1. Assess whether A:Ser116 counts as being within 14 Å of chain B (Cβ to nearest Cβ), polar (S, T, N, Q) and open to solvent by less than 10 Å² (accessible area, probe 1.4 Å).
2. Right, B:Asp160: among the charged types (D, E, K, R) and closer than 21 Å to B:Leu23 by Cα or not?
3. If I go through segment A:194-213 residue by residue, how many of them are within 7 Å of another protein chain (Cβ to nearest Cβ), crowded, with 21+ Cβ neighbours inside 10 Å and farther than 21 Å from B:Asn138 by Cβ?
4. Can you tell me which residue is surrounded by the fewest Cβ atoms within 10 Å (Cβ to Cβ) among those in segment B:161-186 that are touching a strand residue (DSSP E or B) at 6+ places or on another chain (Cβ under 8 Å) and in contact (Cβ under 8 Å) with a residue 60 or more places away in the chain?
5. For segment B:16-28, indicate whether the set of residues that are touching an Asp or Glu at 6+ places or on another chain (Cβ under 9 Å), of a type in the set (S, T, N, Q) and in contact (Cβ under 8 Å) with a residue 12 or more places away in the chain is non-empty.
6. Can you tell me which residues in segment A:120-138 are within 14 Å of the chain's Cα centre (by Cα) and either closer than 22 Å to B:Ile194 by Cβ or free of Cβ contacts under 8 Å to residues at least 12 places away in the same chain (or both)?
7. Report, by residue number, each residue of segment A:139-160 that is under 14 Å from the mean Cα position of the chain (by Cα) and crowded, with 19+ Cβ neighbours inside 10 Å.
8. Working carefully through the options A:Asn36, A:Asn18, find the one that is open to solvent by less than 50 Å² (accessible area, probe 1.4 Å) and either farther than 23 Å from A:Met191 by Cβ or touching a Pro at 6+ places or on another chain (Cβ under 7 Å) (or both).
Number of protein chains: 2
Amino acid sequence: METIAVLGTGAVGKAIGNRLISLGYSVIMGSRTADNPKSLEWAAAGDRASADTFAGAASRADIVFNCTKGEATLEALGMAGRENLKGKLLIDLSNPLDFSGGMPPSLFPQWSNTSSLGEAVQHLLPDTKVVKTLNIVNCDVMVNPSIVTGELSMFTCGNDADAKARTVALLREFGWKDILDLGDIKGARGMEMILPLWIRSWGVVGHAKFGLRLVR
Amino acid sequence: METIAVLGTGAVGKAIGNRLISLGYSVIMGSRTADNPKSLEWAAAGDRASADTFAGAASRADIVFNCTKGEATLEALGMAGRENLKGKLLIDLSNPLDFSGGMPPSLFPQWSNTSSLGEAVQHLLPDTKVVKTLNIVNCDVMVNPSIVTGELSMFTCGNDADAKARTVALLREFGWKDILDLGDIKGARGMEMILPLWIRSWGVVGHAKFGLRLVR
């Protein structure tokens, strides 16, 4: 099985890392420094789990999940390194959430509407196969959609068909069944612009275990 | 039953107007001029249907549907007149779609992300009870969601509770069952920012008879 790098030590990185470990993958959690307490603690808890820098994790992995915060994504991926990510599948879960104006966050204008963070990642890493997915639900739902009663839909987009097919296979391992391919990476605009509705819905529903279904 | 003004003579205005007529309401289709061939033709086809200017329709109606294109909405509502709309429920279906860059449209930056067209309408008409809804589906689905197999969700938002309750009752007459109140008019941001996803999904699904369900 492939070795997978998970970049980011927050709730999303941990949820993705734990799920991949449970599915039998070797997982390297990447962060800014090799001695990050969060990633070392995470790595100590599981077989086939390890910790490394962004660059070390990226260079050793076959597939990379970007689980960094949107505001830090481009810097983190720059540290991971274009050469280390060359030819690889990068599954991008980030959202361009701007918390600088307080709650609720808005989207960074430079990465929304006529652009997206997914497109910015692909532009930064032209030799990498970027696929956007999973950003539209809470991390517990990402890795186990069956915790929501009722079938959800998931979207993917990216410029490389094989990379999307590999991503869809991983999504199916997570439990996703209804997966729609929105085309090239520009589809990330619509996927990221769902966030303001998600945030309002979260307040109304009262918990984060929900998602969208595209009924058609 | 109340008299309802439908501002806008396009596909959305006709769909809303026809549905309201079928439900027994008297409907006035408003447009820039009293002798608009589109609205006169529409009015000639049905009992309780008439045509007037934006201002005439607004002044004679108890409830107003804004079905104008986003780019023309503020001008049209300005023509309808703040005094004519004072104290009334205005149900806003518009989307701030900017076609100036070609297809697919983006959203007008001044009415997205940190603002919305719904908020701009409420700001223009401070004495009017603005409720945003229905903008997230095709007009045939707006007035008859049962044409889609599987239950859809609809959102509302606005600053006045009674106005939202009257809107929900109208939505139920149209056939909507799962209706979520997203709070104040700022919820229009999320509702309008769904459009890029809707447009991409339209291309993938291959027809417009689809919608979203918030599964929770």
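1. Yes, satisfied.
2. Taking the combined requirement at face value, the residue does not satisfy it.
3. 5
4. Of all residues in segment B:161-186, those touching a strand residue (DSSP E or B) at 6+ places or on another chain (Cβ under 8 Å) come to B:162-164, B:166-168, B:170-172, B:176, B:178-186.
Filter once more, keeping what is in contact (Cβ under 8 Å) with a residue 60 or more places away in the chain: B:163, B:166-167, B:170, B:185-186.
Details: B:Ala163: 20, B:Arg166: 18, B:Thr167: 26, B:Leu170: 23, B:Ile185: 23, B:Lys186: 20.
Here the residue is B:Arg166.
5. Yes, some residue in segment B:16-28 is touching an Asp or Glu at 6+ places or on another chain (Cβ under 9 Å), of a type in the set (S, T, N, Q) and in contact (Cβ under 8 Å) with a residue 12 or more places away in the chain.
6. A:Val131, A:Lys132, A:Thr133, A:Leu134, A:Asn135, A:Ile136, A:Val137, A:Asn138
7. A:Cys139, A:Val141, A:Met142, A:Val143, A:Met154, A:Phe155, A:Thr156, A:Cys157, A:Gly158, listed by residue number.
8. A:Asn36
The values are calculated or read from the model by the stated rules, or taken from the named source; none is laboratory data. As the structure is a computational prediction, the values presented were derived from the model and not from experiment. Because the Cβ atoms are built from the backbone with ideal geometry, glycine has one as well, and the counts that use them run over all protein chains shown. Heavy atoms of the whole protein, side chains included, go into the accessibility calculation; ligands, DNA and RNA do not. Shrake-Rupley method; radii C 1.70, N 1.55, O 1.52, S 1.80 Å.
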